[in-house]
Amino acid sequence: MLAVLLVLPLSTKAAENGFIPTVNIVTTAGDVVALPSEVQQADSRYQLATTKVQWESINPEIFNDVGEHAVLGKTEDGQKTVKGVIHVFSKAKPVNVAAIGDSITYGMNVENVLYNAYPKQLNNRLGANYNVTNYGNSGKTLLEGGNDPYIRTTQYTQSLASNPNIVIIQLGTNDSKPANFAKIDQYVGDYVKLINKYKTLATKPVVYVTLPPVVFNTAYTINQANMDKILPKIVEAAEKANVDVSIIDNQTATVGAKEFVPDSVHPNGKGAAILANNVYHTITGEQPELSGKVAANAYNTSYGAINAVPTTADKTLLLSNISTKNWVSYKNVNFDKSLGSLQMSAAIPYDATSVEVKLDSPTGQTIGTKVLNRTGNVNTWALNTIPTTTVSGTHDVYIIFSRPATATNVELVRLGSIDFSYDAAKPTEIMSAQDLEAALASGLTNLKLMNNITFTKNLQLSDDTKLNLNGYTMDTANYYLSKNDAAGKRIQFDIFGGNVAGKNVYGSIYSGTSENSNYGMNINAKDITFNGTLFIRNNVLNTVVTFDGHNVIKSTTGSNVYVRNMTIKAGAYYYGSTEGGGSTNESGSTVITMGVGNTDKNFIVEPQAKVELYPGSKGTGYGQNAIYGFSKISIENGASFTANGARPMFRTEYTAKNARVEVAPNAVFDVRTTDATEGFSFSYGIDYVFDHAMYLNLESPTKTSFMYAYRNSSISIYGGKISAWNAANTTQSWDSVEVFQLSNILSGKNMGTLTTSSAELKNTFGSLANYVRITNQN
């Protein structure tokens, strides 16, 4: 039988002039929240009921203003004024939340208490801008004269010293024991003192008092009969403290949760989730209307799911431990844009796991069902699309999971994001690394980030794929995005419009070195900012990596890219730098690495494109280059190429014939090395050809070598002015030189053989021994 989590008020009628606690809502700067549409109201016996409220309008600018912002409202009948306070905290440091309580707060009965106690699950929902500390201590009473008072514990002392911004008190369960209940007349006074003790701290924290969860059967002499008499005293204490205290009703929230309270008193991990969710919604305010794709944390409440985050760098909330007949609900879902299906990201370890989608209650109208695709285990994600009947308007949605003949302690599902308006014609929206994994595993190839994501494992592409970063950051951390070579074909991967980071030495995007024409990827990167170790390693025969738009690629201990062929598209911009750290080609010194071997390896800068390369200067040796391992560099008409660093800007090795650098008319070619003994170029052999370049500058100011080659190399300049500097900074210029060719350049100080159309140049060039700069400028 499907469990229904009841949500009922403790009293259905409030006195006309009853106490309405202050509504305290917390948020962080820039995050908009809403005050609840219903508030608690106490009758003359301090029994709570709910009443609707109409709030005055809120200036949205307050959400950027750190501090307290009072908002007034009126009850639906207009008889009572309601006070709300929106507390906006800075994001400069985490908001400090102190969870005060007994064994229920501590997590007795909770499996893996450090991860699943209610304060931890609350922190998982609140996110990284908050730090919730569990100050629970088993067996403790609120009563100072009780058998084991909380105020005499180390946890109490620590909580005061923690300078909390928010305090959540959940005490009273142990006060129901007969020996303690005999002193219950002191309860309200002692509670008021405790509230004021926290409120008078220097941080002036927001204080919430909690009605403890239901006691289903008497145990440890704790009993619900006495709890029923304690609950109104908590409400009374909130009023008499007179310091804007709010009330969290965990009593009502747990009425239908007996299954998750194994000893009738202490909720297990799934019961702790119910407490955490109720606290979360009480302190963060009215849930907004949902539509389209939403992250897991957008859900309302659950029956059987635990709020979990990965132990890896990615801290995106997921719902774990979902068993048969468990459900997850979403409040205020607008179906007006629904196209007849929803899509969920989930890990499904078993066959025959099914899902039902119902409206407005766990037993409401069914609008969709499906047997889910098994993913293999709870750490492997895929997307499942569930057809739904036509629905319009706003509804609460219940997602119910089940599997025949399966024990209730078997984890069937881990749930991530849900798209309530799934449209197969549009890019699949990615909210987390789990979403990306699920989309790729499901064969989806048109993807769009909707959040910053951090990898928790290596992920693979199997087909041509477009990934729109959408202004967000894809942090591959210590992992990478690769291509599944078992797909049996080379694929096209387009990545554009955002940021990439990563620390993996193989690259954030990686294909293993191969001479197989079915392996690797052709990659087009557009408008990318990269900060990390190595952006792309795709050292595969005949593959091409292109850059379009505006790209800034900054590497630390790796190259920008390690590729066979690279093209900067017409009109594009590429800035590349490394920090350096050694002399090897992948140690962070070389900006563009094209590897060893005799295959064609082309670096092309198309017309009007601009490239700036700045290799790092850390480490020693000659391996701190702008480009290493190429067979040809082509700077096309009107393009611009700049490279500047401490060591040779160009280097080749192990080539069957000379590499070639060609610079077309109207192009800019500015290459400088500051202190390389090998000169601006160090190679087995390179021939440089400059054809009417608009700006040409080759510069190596050391007195040792201008350019170093093991095999005869050359510099050919066609058309225009030629100026040369020697080591003594003496310069001489020649105008209108049609042909200038230095050939037979070898290692050391060999000046090469000069061929020129200018007799004057031929007669005088040799006087500039040990030249350190050749340019067509003054």
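Brief remarks follow.
- Taking the numbered list (1) within 24 Å of the chain's Cα centre (by Cα); (2) of a type outside the set (Phe, Trp, Tyr); (3) surrounded by 18 or more Cβ atoms within 10 Å (Cβ to Cβ); (4) at pLDDT 95 or above in turn, Pro267 passes all entries but (1).
- Members of region 226-264 found to be under 20 Å from Thr301 (Cβ atoms), surrounded by fewer than 18 Cβ atoms within 10 Å (Cβ to Cβ) and among the aliphatic types (A, V, I, L, M), listed by number: Val255
- Residue match in region 309-320 (condition: surrounded by fewer than 20 Cβ atoms within 10 Å (Cβ to Cβ), free of Cβ contacts under 8 Å to residues at least 60 places away in the same chain and in contact with a strand residue (DSSP E or B) (Cβ under 8 Å, 6 or more places away or on another chain)): no
- Boolean, Leu467 is under 19 Å from Leu383 (Cβ atoms) and out of contact with any Asp or Glu (no Cβ under 8 Å at 6 or more places or on another chain): no
- Scope region 359-392; condition at pLDDT below 95 and on the phi > 0 side of the Ramachandran plot; matching residues: Gly376
- Check on Pro404, farther than 23 Å from Lys448 by Cβ and either aliphatic (A, V, I, L, M) or more than 26 Å from the chain's Cα centre (by Cα) (or both): yes
- Scanning region 79-90 for residues that are under 27 Å from the mean Cα position of the chain (by Cα) and outside any strand (DSSP E or B) gives a single hit, Ser90.
- Residue among Tyr519, Tyr506 that is part of a loop (DSSP other than H, G, I, E, B), within 24 Å of the chain's Cα centre (by Cα), among the aromatic types (Phe, Trp, Tyr) and surrounded by 16 or more Cβ atoms within 10 Å (Cβ to Cβ): Tyr506
- Among residues of region 424-445, those that are of a type outside the set (Ser, Thr, Tyr) and within 18 Å of Asn484 (Cβ to Cβ), counted: 9
- With respect to the conditions (1) hydroxyl-bearing (Ser, Thr, Tyr); (2) surrounded by fewer than 23 Cβ atoms within 10 Å (Cβ to Cβ); (3) closer than 18 Å to Ile169 by Cβ, Tyr135 lacks only one, and its number is (2).
- Failed item in (1) free of Cβ contacts under 8 Å to residues at least 24 places away in the same chain; (2) crowded, with 20+ Cβ neighbours inside 10 Å; (3) among the aliphatic types (A, V, I, L, M), with Ala425 passing the rest: (2)
- Residues satisfying the criterion are present in region 483-497 (criterion: assigned to a strand (DSSP E or B), surrounded by fewer than 23 Cβ atoms within 10 Å (Cβ to Cβ) and at positive phi).
- For region 211-230, the criterion of being closer than 30 Å to Ala346 by Cβ, touching a residue at least 24 places away in the same chain (Cβ under 8 Å) and in the same structural domain as Thr173 (by TED's automatic domain parsing) is met by at least one residue.
- Meets criteria (touching a Leu at 6+ places or on another chain (Cβ under 7 Å), touching a residue at least 24 places away in the same chain (Cβ under 8 Å) and buried (at least 20 other Cβ atoms within 10 Å of the Cβ)) for Leu461: yes
- Thr445, sole failed condition from (1) in contact (Cβ under 8 Å) with a residue 24 or more places away in the chain; (2) over 19 Å from the mean Cα position of the chain (by Cα): (1)
- Failed item, numbered, when Ser402 is tested on (1) at negative phi; (2) surrounded by fewer than 15 Cβ atoms within 10 Å (Cβ to Cβ); (3) touching a residue at least 40 places away in the same chain (Cβ under 8 Å): (2)
- Count - residues of region 524-551 that are surrounded by fewer than 24 Cβ atoms within 10 Å (Cβ to Cβ), of a type in the set (A, V, I, L, M), touching a residue at least 24 places away in the same chain (Cβ under 8 Å) and not in a loop (DSSP other than H, G, I, E, B): 1
- Leading residue by the ranking (farthest from the chain's Cα centre (by Cα)) among those in region 91-110 that are assigned to a loop (DSSP other than H, G, I, E, B) and at pLDDT 95 or above: Asp102
- Test: residue in region 755-770 that is in a strand (DSSP E or B), modelled with pLDDT of 80 or more and surrounded by fewer than 21 Cβ atoms within 10 Å (Cβ to Cβ): yes
- Within region 713-722, one or more residues are surrounded by fewer than 18 Cβ atoms within 10 Å (Cβ to Cβ), of a type in the set (Phe, Trp, Tyr), modelled with pLDDT of 85 or more and in contact with a strand residue (DSSP E or B) (Cβ under 6 Å, 6 or more places away or on another chain).
- Failed condition for Asp175, given (1) outside any helix (DSSP H, G or I); (2) closer than 21 Å to Asn134 by Cβ; (3) not hydrophobic (A, V, I, L, M, F, W, C): (1)
The values are calculated or read from the model by the stated rules, or taken from the named source; none is laboratory data. No experiment lies behind these values; they were computed from the predicted model shown. Don't worry about glycine lacking a Cβ; one is built from the backbone with ideal geometry, like all the others, and counts go over all protein chains shown.
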